[in-house]
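Remarks on the structure that follows.
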Amino acid sequence: KAGVTQTPRYLIKTRGQQVTLSCSPISGHRSVSWYQQTPGQGLQFLFEYFSETQRNKGNFPGRFSGRQFSNSRSEMNVSTLELGDSALYLCASSLRWVDSPYGYTFGSGTRLTVV
Amino acid sequence: GQNIDQPTEMTATEGAIVQINCTYQTSGFNGLFWYQQHAGEAPTFLSYNVLDGLEEKGRFSSFLSRSKGYSYLLLKELQMKDSASYLCAVRDKTDNYGQNFVFGPGTRLSVLP
């Protein structure tokens, strides 16, 4: 059973540019959540998508957006990049069964560096 | 608000036992999870508690007290490969179908020979 696939693994961008990250969840998982991880802030929730609709949103500016396709694959976009956006971006897929004992399965992440 | 606290760093010796504590204050509660994250890698699921008590899984055990907003992860017979960050996360029920996870800052465990 394939795991959660995130592409690319590493990315270097310049301030002001935009970036798109991709996540393919585990087959059968329809919920995809995105997190930003930095040494100082830990794992911060960005948003969750389920059935092509954003269901939950964290406290991030509108420069951060996402979408989900009919095959459950998700993309995250960050526009007008800032130096502070440098982080590891993790995608997590789940069954979105509220009582699931399994929680999330995380992808390996995309390491974004903004210079 | 939602808040989860864990010690920032811990050090222990190979073969020893270590307990990593987690306290939480969240608006809802639908389970507490522990994840292990090695440097540069994705977090991986370790354990799940939804009822009070101890859940044992090999060398790892996790305890929950919902009334105290408290959990701990117990690692026995420590091995060098257990050096990693350990993340405590609470699942908060947001709607009938939704789930929202709040993560603690993580505890970086160093196992020394």
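Take the stretch A:50-64 and flag every residue that is within 14 Å of the chain's Cα centre (by Cα), part of a strand (DSSP E or B) and more than 9 Å from chain B (Cβ to nearest Cβ).
Correct list: A:Q54, A:K57, A:F64.
For the stretch B:8-42, name all the residues that are within 17 Å of B:P105 (Cα to Cα), open to solvent by less than 50 Å² (accessible area, probe 1.4 Å) and among the small types (G, A, S).
B:A42 - this is the single residue of the stretch B:8-42 that is within 17 Å of B:P105 (Cα to Cα), open to solvent by less than 50 Å² (accessible area, probe 1.4 Å) and among the small types (G, A, S).
If you check every pair at least six apart or on different chains, which have Cβ atoms under 9 Å apart with a residue in the stretch A:17-36 that is within 14 Å of another protein chain (Cβ to nearest Cβ) and assigned to a strand (DSSP E or B) first and a residue that is acidic (D, E) and open to solvent by less than 20 Å² (accessible area, probe 1.4 Å) second?
A:S31/A:E48; A:V32/A:E48; A:S33/A:E48; A:W34/A:E48; A:Q36/A:D85
For the stretch A:65-115, how many residues meet the condition of being part of a loop (DSSP other than H, G, I, E, B), without any contact (Cβ under 8 Å) to a residue 60 or more places away in the chain and either crowded, with 20+ Cβ neighbours inside 10 Å or in contact with a helix residue (DSSP H, G or I) (Cβ under 6 Å, 6 or more places away or on another chain) (or both)?
2
Could you count how many residues in the stretch B:27-85 are of a type in the set (S, T, Y) and within 17 Å of B:F101 (Cβ to Cβ)?
Total satisfying the criteria: 8.
Output the residues belonging to the stretch A:13-26 that are surrounded by 11 or more Cβ atoms within 10 Å (Cβ to Cβ) and farther than 16 Å from A:S65 by Cα.
A:K13, A:R15, A:S24, A:P25, A:I26
Under 7 Å between Cβ atoms, at least 6 apart or on separate chains: pull out the pairs that start in the stretch B:92-113 with a residue that is under 13 Å from A:S33 (Cα atoms) and at pLDDT 80 or above and end on any residue that is open to solvent by less than 20 Å² (accessible area, probe 1.4 Å) and part of a loop (DSSP other than H, G, I, E, B).
B:F101/A:Y104
Would you confirm, using the coordinates I've provided, whether B:F45 is surrounded by fewer than 19 Cβ atoms within 10 Å (Cβ to Cβ) and at the interface with chain A (Cβ under 9 Å from one of its Cβ atoms)?
yes
Output the residue which, of all residues in the stretch B:39-55 that are closer than 23 Å to A:C23 by Cα and over 14 Å from the mean Cα position of the chain (by Cα), is modelled with the lowest pLDDT.
B:G40
Right, B:L73: away from chain A (no Cβ under 11 Å) and open to solvent by less than 30 Å² (accessible area, probe 1.4 Å) or not?
So B:L73 fits the description; yes.
Can you name the condition, by its number, that B:A39 falls short on among (1) free of Cβ contacts under 8 Å to residues at least 60 places away in the same chain; (2) more than 13 Å from chain A (Cβ to nearest Cβ)?
(2)
The values are calculated or read from the model by the stated rules, or taken from the named source; none is laboratory data. If you're wondering where the values come from, they're calculated on a predicted model, not measured in any experiment. With ideal geometry, Cβ positions are generated from the backbone for all residues, glycine too; neighbour counts draw on all protein chains shown. Heads up: the accessible areas ignore ligands, DNA and RNA and are worked out on the full protein's heavy atoms, side chains in. Shrake-Rupley method; radii C 1.70, N 1.55, O 1.52, S 1.80 Å.
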